[in-house]
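No lab work stands behind these numbers, since they all come straight from the coordinates. This one's a predicted model, so the numbers in the text were calculated from it and none came from an experiment. Please note: Cβ atoms are built from the backbone with ideal geometry, for glycine as well, and neighbour counts cover all protein chains shown.
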């Protein structure tokens with residue numbers, strides 16, 4: 001068991017308010033936010049309990065979006081009990097195996113096909129007028145890009161990006177994002193948030209930050225995953241397959257080339273943000289294992305920048321000024 005105050009309060013809620021018999025309580029995971037998840041064993045089976053400090057996390061958003069996604073048969077955990085005042089939720093247990101634990105070259109196409117089916121439901125069934133989700137606007141996109149500049153370049157590497165280069169990058173990425181068709185965006189649709197289940201896989205978690213935003217956002221999160229990488233040929237194959245599904249559903253009308261450009265530039269925006277977040281998790285929150293995911297994510301950035309002439313100045317800045325400093329940083333922070 002645990003002796004910190006929040007865990008004591010959580011167990012008090014389970015045992016005294018809900019009258020549950022808790023035979024065992026183990027930390028199941030703690031993610032990149034302030035949330036923690038506990039797996040409890042009871043005579044009635046296994047459950048997951050979310051601990052989301054109300055001054056830092058919004059359990060009401062999780063509850064609302066869970067109900068929204070469940071309406072059109074997306075497999076999200078059932079919420080059995082909720083205590084939004086203290087920030088506790090009693091959830092269905094999807095088990096311990098996420099896609100990242102299961103993915104191999106041999107089964108990736110089958111697993112991703114199930115992820116595509118779920119994503120199509122999210123994108124095609126959500127009513128943008130009535131879902132109540134915030135929009136991915138210019139201010140939010142700019143703020144996310146600022147995380148890369150502040151936490152990776154400034155705080156980690158003590159490096160400044162020339163203002164004219166950075167302004168051009170931000171304008172290009174934000175413009176590309178805002179010109180895309182709008183859909184419901186999970187915002188963290190990747191291998192760690194897709195749970196491998198024997199029935200109705202994947203189980204989808206960590207959706208509380210969902211917004212209305214660009215149609216390529218979740219697809220590039222999935223295919224250019226910060227936690228696992230695939231060959232360019234496989235990614236192109238999967239991207240084209242999903243593109244055809246979107247065309248069939250009349251969610252997009254653009255050419256494959258335009259879709260690829262949206263996909264690449266949306267991924268660049270997301271990966272810059274992710275690198276900044278990984279740096280912040282190390283520096284501010286002491287979660288230094290995320291430093292291991294920067295090289296893979298940075299490689300996505302370098303590859304896309306090299307493919308687009310309008311990003312040549314930024315590509316040169318990264319290659320000549322950032323990478324040498326980063327390699328020194330990396331050698332001093334091996335995890």
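Below is a table of values for the structure above.
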| quantity | calculated |
| --- | --- |
| Cα-based Rg / Dmax (Å) for the range 121-231 | 16.2, 52 |
| Relative contact order (%) - criterion: Cα under 8 Å, at least six apart; region: the chain | 15 |
| The chain, helix-only ellipticity at 222 nm - DSSP H runs n ≥ 4, -39,500 (n - 2.57), divided by all residues, nearest 500 | -14000 deg cm²/dmol |
| Segments 20-27, 59-66, 203-210 sorted - mean Cβ within 10 Å per residue, highest first | 203-210, 59-66, 20-27 |
| Modelled label reach - residue 175, point 7 Å along Cα→Cβ, the range 120-154 residues with backbone N closer than 11 Å | none |
| Rg in Å to one decimal, and Dmax rounded to a whole Å, for the chain via C-alpha atoms | 20.6, 63 |
| Full-stretch length increase - residue 167, residue 331 - with 0.36 nm per residue and alpha-carbon distance subtracted | 56.0 nm |
| Potential extension, residue 160-residue 199 segment - 0.36 nm per residue separation minus Cα distance | 9.1 nm |
| The range 237-298, relative contact order in percent, only Cα pairs under 8 angstrom and at least six apart counted | 23 |
| The range 5-92 - convex hull of alpha carbons, volume per residue in Å³ | 98 |
| Cα centroid separation - the range 257-335 against the range 230-246, whole Å | 22 |
| Residue with peak Gaussian network fluctuation, the chain [Cα springs, cutoff 10 Å], from 94, 263, 135 | 135 |
| For the range 271-335, fraction of C-alpha pairs farther apart than 19 Å, in % | 33 |
| Virtual paramagnetic centre 7 Å along Cα→Cβ of residue 247, amide N under 16 Å, in the range 253-272 | 253-263 |
| Inter-site label distance for residue 81 and residue 232 at 7 Å from Cα along Cβ, in nm | 5.4 |
| GNM flexibility winner over the chain from 58, 75, 107 (Cα, springs under 10 Å) | 107 |
| Estimated distance in nm for a label pair at residue 27 and residue 41, the labels positioned 7 Å out from Cα along Cα-to-Cβ | 1.9 |
| For the range 159-294, projected area of the alpha-carbon convex hull averaged over all directions, nm² | 10.2 |
| Average silhouette area of the range 257-298, convex hull of alpha-carbon atoms, in square nanometres | 2.8 |
| Max mean-square fluctuation residue, GNM over the chain, Cα-Cα springs under 10 Å, options 323, 266, 195 | 323 |
| Relative contact order (%) - criterion: Cα under 8 Å, at least six apart; region: the range 5-92 | 22 |
| Inter-site label distance for residue 130 and residue 308 at 7 Å from Cα along Cβ, in nm | 3.6 |
| Extension gain (nm, one decimal) between residue 289 and residue 321, 0.36 nm per residue minus Cα-Cα | 9.1 nm |
